[in-house]
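Comments concern the structure below.
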Amino acid sequence: MIQVLNRAFDILDYLSAEPDRPKRLTQIAGDLGLHPATCANILKTMVRRGFVDQAGPKQGYTLGPTAYRLARSGPYRKDLVAASEPPMTALARELRETVLISVLRQYQRVVPFQVDGDRDLQVHSDITSISGMYESATGRLLLAFLPEERLETFIITRGLPGKGAWPGVKTKSQLNAALRKIRKDGKTVDTSGPQVAAAAYPIWQNETVVAALGLFLPKFRFKGDHRRKVLAGLEATADEITRRLAQRLERNDS
């Protein structure tokens, strides 16, 4: 891995979390663990290429026009987003909860699309966020449907769940048992957290799980009739997205 490129991408990820809020050099370097001189040199090149803007001397840095120009090509996995947006919007409106899709990229969970609910209290996940796999319902579901050799590579690369990442799952045998249960159930439901409940269902394409449809909500709402509606709605919506993806594939092949 070329270290300077890796550091530049770290800076882009860092600035994109709050794209309109300038971050000073000392803040960027400190939060990313970079030497200030090294960070300054990388930022100077990124400013020159337009990936980063400098608000002024000692005023801080924000994302630049080149980063926004690249983003104009559309959302990540726009084929999946296009197939998912109408049914996800309908589900979020019906349940008044936040719904999202997650995909696996380089053994990380990425959220390319999310529809927010309209209740006063919501559980949110950042758009196009990248996070761990073991901690989330959608991440666990994506792992459960990985081919065996890819799962083995993931474990070698990322390790087993750390402390608190997946309650009750620490060893490889425990992980395999938990993933087998998800495959058998065809879904994952997590109520182990103190405040948040979550559920996820698979989205298929060509007999492969390509995404996970998930919903996160305060735990006190995930009970009774609302719980039944959440699970039934997620399953039906995941099936509808799977159907839409198949239709898009058929149109492209014809």
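Considering only segment 8-19, I want to know if a residue exists there that is β-branched (Val, Ile, Thr), surrounded by 11 or more Cβ atoms within 10 Å (Cβ to Cβ), under 22 Å from residue 110 (Cβ atoms) and in contact (Cβ under 8 Å) with a residue 24 or more places away in the chain.
First pass over segment 8-19, keeping only residues β-branched (Val, Ile, Thr): 11.
With the extra rule that they be surrounded by 11 or more Cβ atoms within 10 Å (Cβ to Cβ), the set shrinks to 11.
With the extra rule that they be under 22 Å from residue 110 (Cβ atoms), the set shrinks to 11.
If we keep only those that are in contact (Cβ under 8 Å) with a residue 24 or more places away in the chain too, we end up with 11.
Yes, that holds for at least one residue.
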Exercise for the section: Return yes when residue 193 is assigned by TED's automatic domain parsing to the domain that holds residue 164 and part of a loop (DSSP other than H, G, I, E, B) and no when it is not. Expected result: yes
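Going through segment 187-221 one residue at a time, which ones are in contact with a Pro (Cβ under 7 Å, 6 or more places away or on another chain) and either modelled with pLDDT of 95 or more or closer than 13 Å to residue 101 by Cα (or both)? Quick ask: steps written out before the conclusion?
As a first pass, look at segment 187-221 and keep what is in contact with a Pro (Cβ under 7 Å, 6 or more places away or on another chain): 192, 195-196, 209, 212.
Answer for segment 187-221, where residues must be in contact with a Pro (Cβ under 7 Å, 6 or more places away or on another chain) and either modelled with pLDDT of 95 or more or closer than 13 Å to residue 101 by Cα (or both): 209, 212.
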Completion exercise
The residue that is nearest to the chain's Cα centre (by Cα), considering only those in segment 1-33 that are part of a loop (DSSP other than H, G, I, E, B) and within 18 Å of residue 58 (Cβ to Cβ), is 21
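Residue by residue through segment 135-145, note down the ones that are part of a loop (DSSP other than H, G, I, E, B) and crowded, with 18+ Cβ neighbours inside 10 Å. Before the answer, list the steps.
Of segment 135-145, the ones part of a loop (DSSP other than H, G, I, E, B) are 135-136, 145.
Matches in segment 135-145: 136, 145.
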Exercise for the section: With respect to residue 25, determine if the residue is on the phi < 0 side of the Ramachandran plot, free of Cβ contacts under 8 Å to residues at least 24 places away in the same chain and hydrophobic (A, V, I, L, M, F, W, C). Expected result: no
Exercise for the section: Tell me, please, whether a residue that is assigned by TED's automatic domain parsing to the domain that holds residue 83, buried (at least 16 other Cβ atoms within 10 Å of the Cβ) and of a type in the set (S, T, N, Q) can be found in segment 206-229. Expected result: no
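Can we say residue 79 is surrounded by 14 or more Cβ atoms within 10 Å (Cβ to Cβ), of a type in the set (D, E, K, R), modelled with pLDDT under 90 and not in a helix (DSSP H, G or I)? Let's see the steps before the verdict.
On the way: surrounded by 14 or more Cβ atoms within 10 Å (Cβ to Cβ): yes; of a type in the set (D, E, K, R): yes; modelled with pLDDT under 90: yes; not in a helix (DSSP H, G or I): no.
So residue 79 fails the test.
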Handout entry: Lone unmet requirement of (1) part of a helix (DSSP H, G or I); (2) of a type in the set (A, V, I, L, M, F, W, C); (3) in contact with a helix residue (DSSP H, G or I) (Cβ under 7 Å, 6 or more places away or on another chain); (4) closer than 30 Å to residue 228 by Cβ for residue 90
Key = (3)
Problem - Lone unmet requirement of (1) out of contact with any Lys or Arg (no Cβ under 9 Å at 6 or more places or on another chain); (2) aliphatic (A, V, I, L, M); (3) surrounded by 12 or more Cβ atoms within 10 Å (Cβ to Cβ) for residue 232 - result: (3)
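Taking only segment 108-134 into account, find how many residues are among the β-branched types (Val, Ile, Thr), part of a loop (DSSP other than H, G, I, E, B) and either over 25 Å from residue 206 (Cβ atoms) or at pLDDT 90 or above (or both). Step through it out loud before you land on a result.
So the first thing to find is which residues in segment 108-134 are among the β-branched types (Val, Ile, Thr), and the list is 110-111, 115, 123, 127-128, 130.
Subsequent filtering for residues that are part of a loop (DSSP other than H, G, I, E, B) retains 123, 127-128.
Filter once more, so that each one left must be either over 25 Å from residue 206 (Cβ atoms) or at pLDDT 90 or above (or both): 123, 127.
Residues that pass the stated criteria total 2.
The values are calculated or read from the model by the stated rules, or taken from the named source; none is laboratory data. Owing to the predicted nature of the structure, the values given are computational and were not obtained by experimental measurement. Don't worry about glycine lacking a Cβ; one is built from the backbone with ideal geometry, like all the others, and counts go over all protein chains shown.
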